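Okay, so here's the structure we're looking at.
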Amino acid sequence: MNRRILQRLIVFTCVMTAVIGLIYSIQSRREKRKAAALAQQQLELANATAAQKAAQNAAAERERAVQDAAHEHRIFLEKYVDTGITKTARNQLIAVAVASEYRSMNHAVAAALVTRFKTDHVQLTDSFFKPELVTDGLFNSVFNGSSDLFNKLELAKSLDALLLARQDVQYSTNKDLDNTITANMRLEVVTLPVAGQAESQEWTFTANGIGFRPAEARMQAEERIIKQIANDTNLSLSLQNH
């Protein structure tokens, strides 16, 4: 092989090597761009999936919070009221409850109020409120017409009005009468509208009872108040008709 042919062969080899290197470089850059684009797509897909999952989790958490709140509210209702009692279209329904000074329900006085105010068009029940309303200390708020508690107890769904009473008793010793005990009982009675535009009403009854023990004196005072309720001809409910 002469020198000239060898030089051409070397030049050809160098040129081909350069061409091959250029082609490889171009392909390499293309592959890198494809890989970068694929990685970006995968990242965007992962971000979108994560965002969707986060939104689903947030929605599920809100739903659980709503369900938990509804469950807690249902427990609250069932603790304090009989949710099975509902009003009818024909008669007005009034819930009656009496709280004694011992922070307990007084069913004897409640029964007297039911008997006194019951009419053909008014239904009264002393079983709508459960004893926990009094023992847990919520009765006074209801007695004072707390709109917040009215809403929490959903009273408007079941009742037209409330007939509530609150007892207070003070004792004193009669030293001049063989140390007998006098019980001074006071009964505050109110009607509170739950639905409609009727006005609230108030009555107060007082009576004394005497006995050798506080329980005897208290019983006598309460019996006298029950008689007052039964015999008071001025008692009437000013409720609007449906």
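The values are calculated or read from the model by the stated rules, or taken from the named source; none is laboratory data. Everything numeric in this text was worked out from a predicted model, so none of it was measured. Glycine gets a Cβ as well: all are built from the backbone with ideal geometry, and neighbour counts include every protein chain shown.
For the stretch 198-212, what are the residues that are part of a strand (DSSP E or B) and farther than 15 Å from Lys227 by Cβ?
If the condition is that a residue be part of a strand (DSSP E or B) and farther than 15 Å from Lys227 by Cβ, then Gln201, Glu202, Thr204, Ile210, Gly211 are the ones that fit.
Out of curiosity, is Gly137 part of a loop (DSSP other than H, G, I, E, B) and at pLDDT 90 or above?
Yes.
Checking the condition touching a residue at least 60 places away in the same chain (Cβ under 8 Å), out of contact with any Leu (no Cβ under 7 Å at 6 or more places or on another chain) and aromatic (Phe, Trp, Tyr), which residue from Phe76, Phe117 passes?
None of the other options fit; the residue is Phe76.
Can you tell me which condition Thr135 does not meet? The list is (1) among the β-branched types (Val, Ile, Thr); (2) more than 33 Å from the chain's Cα centre (by Cα); (3) surrounded by fewer than 15 Cβ atoms within 10 Å (Cβ to Cβ), and all the others hold.
Here Thr135 meets the rest and fails (2).
Just to check your reading of the model, which residue among Ala161, Ala183, Ala165 is touching a Gly at 6+ places or on another chain (Cβ under 7 Å), in contact (Cβ under 8 Å) with a residue 24 or more places away in the chain and small (Gly, Ala, Ser)?
Result: Ala183 is the single residue among Ala161, Ala183, Ala165 that is touching a Gly at 6+ places or on another chain (Cβ under 7 Å), in contact (Cβ under 8 Å) with a residue 24 or more places away in the chain and small (Gly, Ala, Ser).
Here are the criteria: (1) in a strand (DSSP E or B); (2) buried (at least 19 other Cβ atoms within 10 Å of the Cβ); (3) not aliphatic (A, V, I, L, M). Tell me which single one Glu222 does not satisfy.
Here Glu222 clears every test but (1).
Hey, among Ser236, Ser147, Ser200, which residue is touching a strand residue (DSSP E or B) at 6+ places or on another chain (Cβ under 6 Å), of a type in the set (S, T, N, Q) and surrounded by fewer than 14 Cβ atoms within 10 Å (Cβ to Cβ)?
After ruling out the rest, the residue left standing is Ser200.
Can you tell me how many residues in the stretch 101-112 are crowded, with 17+ Cβ neighbours inside 10 Å and either assigned to a strand (DSSP E or B) or modelled with pLDDT under 95 (or both)?
The number of residues fulfilling the criteria is 1.
Which residue out of Val189, Val142, Val134 is touching an Asp or Glu at 6+ places or on another chain (Cβ under 9 Å), outside the structural domain of Arg74 (by TED's automatic domain parsing) and under 14 Å from Ala95 (Cβ atoms)?
Val189
Looking at Glu44, Glu101, Glu72 in this structure, which one is within 30 Å of Arg166 (Cβ to Cβ), of a type in the set (Asp, Glu) and not assigned by TED's automatic domain parsing to the domain that holds Thr191?
Only one candidate passes the filter, namely Glu72.
For the stretch 60-100, enumerate the residues that are modelled with pLDDT of 85 or more and among the acidic types (Asp, Glu).
Selection gives Glu72, Glu78, Asp82.
Pick from Leu38, Leu6: which is under 60 Å from the mean Cα position of the chain (by Cα), at negative phi and at pLDDT below 80?
Leu38
Which residues, taken from the stretch 34-91, are assigned to a helix (DSSP H, G or I) and under 19 Å from Leu149 (Cβ atoms)?
Once the filter is applied, which keeps residues that are assigned to a helix (DSSP H, G or I) and under 19 Å from Leu149 (Cβ atoms), the stretch 34-91 yields Ala69, Ala70, Glu72, His73, Arg74, Ile75, Phe76, Leu77, Glu78, Lys79, Tyr80.
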